[in-house]
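Heads up, the thing below is written out as structure tokens.
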Amino acid sequence: MSQINNLNIPKIIGHRGVKNLAPENTLISILEAIKIGLKWVEVDVKISRDEIPFLLHDSSLNRTTNGFGEANLYNYSEIKKLDAGKFFYKKNTNIYPPTLKEALNLCNDHSIGLNIELKPNVGFEKQNVQKVLEVTKEFEKKVPIFYSSFDIESCISVKQINPKAHCGILIDNCDIENLLRLINKYNFFSCGFHIKCFSTKLVKTLKKNNIFATVYSHENIAHNEALELWKLGIDSIFSDDPKNLLISN
């Protein structure tokens, strides 16, 4: 692991809980991750119209709930009534999009860490960060947390509000020079990138600059692929279904 990894982040992080094993970004998905032995999970967080941080990946409710439209158009009391399990199980469920506070309480109860990916709806970036940090402040000494986002302004806001926070930038391009400039300027501790951007040059550059390196993919990363990534210096892999990786962790 990287020398800067004082959060003890393991080689495997469950992606959206474990999105291939249970409905993504739900308490059930986090519990499934705990059940199979994971020590860290990643979730996506944004705010409702009444500025309550809750778990959802997309800007709209359409794909993973039986709701419709942009998430920030609804109060959380309305969002909690939605079914967040039907898209996965193909039948009605009592599973709902939980609040960030509920997810953190669950992580605290089971002694696992949480990567919070900031997923603000356009125009609500600063409010999203502010409200998320208001919630996490209560858990700073209870749950290991690091933040990440593709939205650079969200990452900058995290560091401005809480300079001690662990925050990493997520990228889906391979511009190493610009990447290092951003990381060094804003003191981001990590970089997460799509596997398509992987190169030994990129990883060596990150390691040389003492930057924690993570990899994600739109498809579940296979066992042999993961072994090679770890061998070449990747610190952590986000996995949708890590059962086949745990034997190597």
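The values are calculated or read from the model by the stated rules, or taken from the named source; none is laboratory data. This is a predicted model, so every value here is computed, not measured. Using ideal geometry, Cβ is built from the backbone for each residue, glycine included, and neighbour counts are taken over all protein chains shown. Note: accessible area is taken over every heavy atom of the protein model, side chains too, but ligands, DNA and RNA are not part of it. Shrake-Rupley method; radii C 1.70, N 1.55, O 1.52, S 1.80 Å.
Over segment 113-249, Cα pairs under 8 Å with separation of 6+ residues give a relative contact order of 16 percent. Separation of segment 143-204 and segment 1-74, taken as the distance between their Cα centroids, equals 19 angstrom. Full extension of the chain between Asn178 and Asn92 gives 26.3 nm of extra length, using 0.36 nm per residue less the Cα-Cα distance. Counting only protein heavy atoms and using a 1.4 Å probe, the accessible area of Glu24 comes to about 10 Å². When only Cα pairs below 8 angstrom with a gap of at least 6 residues are kept, segment 1-105 shows a relative contact order of 22 percent. Taking the chain as a Gaussian network of alpha-carbon nodes connected by springs under 10 Å, the highest mean-square fluctuation of the residues Pro163, Pro98, Pro144 belongs to Pro163. Take every pair of alpha-carbon atoms less than 8 Å apart whose residues are at least six positions apart; their mean separation over the length of segment 97-149 yields a relative contact order of 54 percent.
When you work out D = kT/(6 pi eta Rh) for segment 1-50 at 37 °C and 0.692 mPa s, using the Kirkwood radius from C-alpha pairs as Rh and the Stokes-Einstein form, the result is 278 µm²/s. Checking Cβ-Cβ separations below 4.7 Å across the chain identifies Cys107, Cys155, Cys167, Cys191 as cysteines lacking any candidate disulfide partner.
Given a 1.4 Å probe and the protein chains as shown, Thr99 ends up with an accessible area of around 20 Å². Within a straight-line Cα-Cα reach of under 19 Å, Lys159 can be paired with the following aspartates and glutamates, leaving aside sequence neighbours fewer than 8 residues apart in one chain: Asp44, Glu117, Glu125, Glu134, Glu138, Glu140, Asp151. Excluding ligands, DNA and RNA, the accessible surface per residue across the chain is 47 Å² with a 1.4 Å probe. For Phe68 and His218, the FRET efficiency from 1/(1 + (r/R0)^6), where r spans their Cβ atoms and R0 equals 25 Å, is about 0.55. Computed per residue of the chain from DSSP H runs no shorter than four, each worth -39500 (n - 2.57), the mean residue ellipticity at 222 nm is -9000 deg cm²/dmol. Placing a label point 7 Å from the Cα of Gln130 along the Cα-to-Cβ direction, the residues of segment 101-123 whose backbone N falls under 18 Å from that point are 118-123. DSSP loop chymotrypsin sites (Phe, Trp or Tyr not before Pro) in segment 1-103 with at most 16 other Cβ atoms within 10 Å of their Cβ, which ones? Filter output for segment 1-103: Phe68.
Positive end of the dipole of segment 152-249 (Cβ unit charges, origin at the Cα centre): among Leu180, Asn220, Thr200, the Cα lying farthest that way belongs to Leu180. Taking 25 Å as the limit for the C-alpha separation, the pairs Lys185/Lys207; Lys81/Lys164; Lys137/Lys207; Lys39/Lys243; Lys119/Lys201 exceed it in the case of Lys81/Lys164; Lys137/Lys207; Lys119/Lys201. In segment 109-176, carbon and sulfur make up what percent of the accessible area (probe 1.4 Å)? About 50 percent, which is the carbon plus sulfur part of the accessible surface.
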